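The values are calculated or read from the model by the stated rules, or taken from the named source; none is laboratory data. Everything numeric here is computed off the predicted structure, so don't read it as measured data. Every residue, glycine among them, receives a Cβ derived from its backbone with ideal geometry; neighbour counts consider all protein chains shown. Keep in mind that these areas ignore ligands, DNA and RNA; they rest on the heavy atoms of the full protein, side chains included. Shrake-Rupley method; radii C 1.70, N 1.55, O 1.52, S 1.80 Å.
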Amino acid sequence: MNYRQEIVGHTQQLVVKLGTGLLTDSKGVLDRTKIGQICAQISELRAMGRHVVLVSSGAIAAGMGHLGMADRPKNLPELQAAAAIGQGKLMSLYDGIFSGLGVQVAQLLLTHDDLKSRDRHLNARNTLRVLLDRNIIPIINENDTVAVDEIKFGDNDRLAALAATLIDADLLIILSHVEGLLNADGRVITAVPEITRDIERLAGDTDRATSVGGMASKLEAAKIVTRAGVPMIIANGERDGVLKDLLAGQDVGTIFLPKDVKLASRKRWIAFFQRPAGTVIVDDGAVQALRETGKSLLAKGVVSTQGKFGKGELVSICDKNRVEFARGLTKVGDDELKAGSGVVVHRDDLVIL
């Protein structure tokens, strides 16, 4: 049994993310036929006993068509107006198609703020668990109608990665109009054991007028889920029966292999669901102590700080070359840190990335 077959053989709970291009026609209008084909595949997975969470783009694109916009709006009010129109139309279409397949769906609209707060984070996770336990397919999208830059996820690839991390999924599948991650010769890389600088150089941005993101955002999503211990596959959603083939272990698309050990729920929340308030630069001794011996970060290992942060806030922990290698919740604010000693970040509140 190869690694793909081993991974999919243990997959009972998965997140599927659909890009805008898979849901719309050449004019950017929602395409019922294309959406119906994907819904039928998801319904088949559910009939096989697998729990599926769907993260769907397409709301803004759907609204753009009704507002007569050819290109994705650049300013926030127009984006939110398009989302306000398109989200209802998108969900109505999903509900009608899945109902015809005998499947119930539920809508969850989220902002980054909803998952940053620990209590709201746990509430969202518990809601998803109840829906899945009742064989209902949750359909998640960013709440673009109210989201502003400070509370946005950035793109739905990241949202899908966080959803997979939130529910401790067995697999994340990102379906788009690309075959997978391509090497410099234009051939699909079937497996990525680790996301290196060379892998990152292969990424490019999207060229679609109704979309946001691209391969670079998918690699960022892969970094999140693989560190959390969840594998991820990028594949072409226009391929006939792509989900069936993927769950059969066929060599389709690109699979990103996870770290050996899954992070615990609270560690995932610390690492991925918050934005750092500041940065702590540490010396080589501290890097070694944190990475290799699992120690707490002590003030004596801190070289400098950047930004303003208070006690209990998340900080990015970097080596002397400004390369981030950990994140953690501080025991002291930046003012106290400069004047004091002792523990800066306790090992229980620290995650090596």
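Around Gly278, which amide H atoms from residues at least 5 apart in sequence, or from another chain, sit under 5 Å from its own amide H, with H modelled in the peptide plane?
Ser316
Taking amide hydrogens as modeled 1.01 Å from N in the peptide plane, which residues meet the under 5 Å criterion relative to Asp31, leaving out close sequence neighbours?
Residues meeting the criterion, in which the H sits 1.01 Å from N, are Thr24, Asp25.
Sort the following peptides by mean Cβ neighbour count (other Cβ atoms within 10 Å, averaged over residues), highest first: 57-67, 81-91. Before the final figure, lay out each step's value.
Details: 57-67: 24.4, 81-91: 20.5.
Most protected by this proxy first, the peptides run 57-67, 81-91.
What does the highest-first list of 5-16, 163-174, 25-36 look like by mean Cβ count within 10 Å?
Details: 5-16: 18.0, 163-174: 25.3, 25-36: 15.5.
Ranking the peptides 5-16, 163-174, 25-36 by packing returns 163-174, 5-16, 25-36.
Using θ = phi - 60° and the Karplus curve 6.51 cos²θ - 1.76 cosθ + 1.60, what whole-Hz ³J(HN,Hα) does each residue of segment 125-131 get, with Gly and Pro shown as x?
Once θ is set to phi - 60°, the couplings for segment 125-131 become 4, 5, 4, 4, 5, 4, 4 Hz.
Tell me, what is the per residue accessible area of segment 223-280 in Å², probe radius 1.4 Å? Write out the running numbers ahead of the final one.
Numbers: 2120 Å² over 58 residues.
I get 37 Å² per residue for segment 223-280.
Please report, in whole Å, how far the alpha carbons of segment 1-63 spread along each principal axis, starting with the longest.
44, 22, 16
Leaving ligands, DNA and RNA out of it, work out the accessible area of Tyr3 with a 1.4 Å probe and give it in Å² to the nearest 10.
Its heavy atoms expose roughly 90 Å² to the probe.
Using a 1.4 Å probe and ignoring any ligands, DNA or RNA, find the accessible area of Phe272 and quote it in Å² to the nearest 10.
Here the residue's solvent-accessible area equals roughly 20 Å².
Once you place label points 7 Å from the Cα toward the Cβ at Leu76 and His346, how far apart are they in nm?
Each label point is offset 7 Å from its Cα along the Cβ direction, giving 3.7 nm.
Run the accessible area of segment 1-127 with a 1.4 Å probe and give the carbon-and-sulfur part as a rounded percent. Working shown, then result.
On the way: 2790 of 5760 Å².
So the carbon and sulfur contribution to the accessible surface is 48 percent.
In Å, what Rg and Dmax follow from the Cα atoms of the chain?
For the chain, the Cα-based Rg and Dmax read 21.0, 65 Å.
Mind grabbing the accessible area of Glu194 for me, 1.4 Å probe, Å², rounded to tens?
Taking all protein chains as shown, Glu194 has close to 120 Å².
Ignoring ligands, DNA and RNA, what percent of the accessible area of segment 308-347 is carbon or sulfur (1.4 Å)?
On the way: 920 of 2090 Å².
Of all accessible area on segment 308-347, carbon and sulfur atoms account for 44 percent.
For an R0 of 25 angstrom, estimate the FRET efficiency from the Cβ-Cβ distance between Ser99 and Val261 and round to the nearest 0.05. All intermediate terms of the calculation are to be shown ahead of the outcome.
On the way: r = 41 Å, r/R0 = 1.64.
Result of the calculation: an efficiency of 0.05.
Could you check what % of the DSSP bridge pairs in the chain are antiparallel, to the nearest 5?
40 percent
In degrees from 0 to 90, rounded to the nearest 10, what is the angle of the helix 284-293 Cα long axis to the longest principal axis of the chain?
60 degrees
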